[in-house]
Amino acid sequence: MPTPFTPEEHLADVLARYEASPDARLAELTSAAIRHLHGFVRDVGLTRDEWFAIIEGLTRTGQMSHGERQEFILASDTLGVSMLVEMINQVAAPGSTEPTVFGPFHVEGAPERAMGESIVADASDGELVTFSGSVLDLDGNPVAGAELDVWETAANGLYDVQDPEQSAMNMRGRFTTGTDGRYAFIGVRPVAYAIPGDGPAGELLFANGRHNWRPGHVHAMVSAPGHQTVITHLFDDASDYLDSDAVFGVRHSLIVDMSNGTCEYDFVLQPGT
Ligand code: BEZ
Ligand code: FE
């Protein structure tokens with residue numbers, strides 16, 4: 001071993017010990033993570049105290065995570081990693097609806113509702129909006145049998161799963177298109193809301209001078225046989241925070257006019273499974 005042993009030689013030594021991994025993909029992920037982590041430590045000249053502070057933050061991130069609260073996902077969201085994973089896994093063909101973050105508040109098995117029905121199950125003082133449009137393929141043909149699974153917060157900015165005052169499945173519904181590909185449902189005009197800020201992910205946001213707000217949006221997961229499922233949102237063009245979404249989910253093509261009680265948007269699916 002040469003003296004002194006340099007950081008470059010140390011990195012090469014560490015990487016070499018992972019070369020015999022029996023799992024090629026795991027080896028690729030592990031060696032890339034090691035290279036980037038070593039690069040980070042060297043680039044910033046990380047001090048011992050800073051490394052311990054990071055370890056302490058990660059420890060608390062794990063300790064805060066349980067069935068209903070996943071602080072690691074929140075950290076991934078607020079660092080822009082969740083959006084990046086969606087970008088490289090759901091690549092939008094030109095003309096197709098752009099995807100965005102899934103978020104932690106989707107619930108499986110939302111009620112199947114008749115076309116045009118309301119998802120507002122509880123009494124609400126929100127502004128009612130009729131969301132409507134078509135599900136189309138890339139050639140502009142209507143897609144029959146497409147399922148729209150939609151969810152949004154109530155007018156108080158909370159999802160049913162966050163709010164004991166709301167009934168289960170309030171502001172959720174699944175709708176299936178007929179031969180005309182049209183869809184319609186009634187919801188409330190989405191409000192901007194704050195994502196949880198009381199854990200390490202929030203602390204990192206606030207310490208960097210960022211906020212934890214998301215612009216008003218309605219979530220939609222649109223799927224149909226023979227087409228790629230798109231997980232996306234529709235954002236209210238009058239909402240605050242469109243330029244500073246805490247989780248980097250805003251895409252220009254998903255910003256829609258929701259004034260006057262209507263929101264018209266066509267979902268365009270690309271072929272696939
Ligand atoms: C959401 O839009 O539901 C969401 C997305 C990322 C983090 C928290 C909430
Ligand atoms: Fe949301």
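Taken together, the values in this text are just the output of simple stated rules run on the coordinates, not laboratory data. If you're wondering where the values come from, they're calculated on a predicted model, not measured in any experiment. Backbone-built Cβ (ideal geometry, glycine too); neighbour counts: all protein chains shown.
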| message | I need Y18, Y193, Y241 ordered by Cβ neighbour count within 10 Å, fewest first. | response | Y18, Y241, Y193
| request: Counting only DSSP beta bridges with both residues in the stretch 78-203, tell me the antiparallel percent, nearest 5. | output: 85 percent
| request: Measure off 7 Å from each Cα along the Cα-to-Cβ vector at L204 and Y18, then give the distance between these two points in nanometres to one decimal. | output: 1.9 nm
| Computed FRET value (nearest 0.05) for D237 with S65, which takes r as the C-beta separation and R₀ as 35 Å | 0.50
| Share antiparallel - DSSP beta bridges, the chain, percent rounded to 5 | 75 percent
| note | Counting only residues 5 or more apart in sequence or on a different chain, those whose built amide H sits under 5 Å from that of A238 are M258
| task | Inverting the mean 1/r over all pairs of different Cα atoms, compute the Kirkwood radius of the stretch 1-145 and quote it in Å. | result | 21.1 Å
| Where only alpha carbons of the chain are counted, the Rg and the Dmax (Å) | 22.3, 75
| request: Pop a pseudo-label 7 angstrom from the Cα along the beta-carbon direction at both D266 and E28 and give the gap in nm to one decimal. | output: 3.8 nm
| Do any GluC sites (Glu not before Pro) in the stretch 14-99 lie in a DSSP loop with no more than 15 other beta carbon atoms within 10 Å, and if so, which? | E19, E68
| By count of other Cβ within 10 Å, fewest leading, how are M221, M171, M258 ordered? | M221, M258, M171
| Peptides ranked, highest mean first, by Cβ atoms within 10 Å: ranges 92-101, 199-208, 231-240 | 231-240, 92-101, 199-208
| note | Assertion target for F5, F102, F175, ordered by fewest C-beta neighbours within 10 angstrom first, is F5, F102, F175
| request: Starting from the Cα-Cα distance between E117 and H10, subtract it from 0.36 nm times their residue separation and give me the gain in nm to one decimal. | output: 32.2 nm
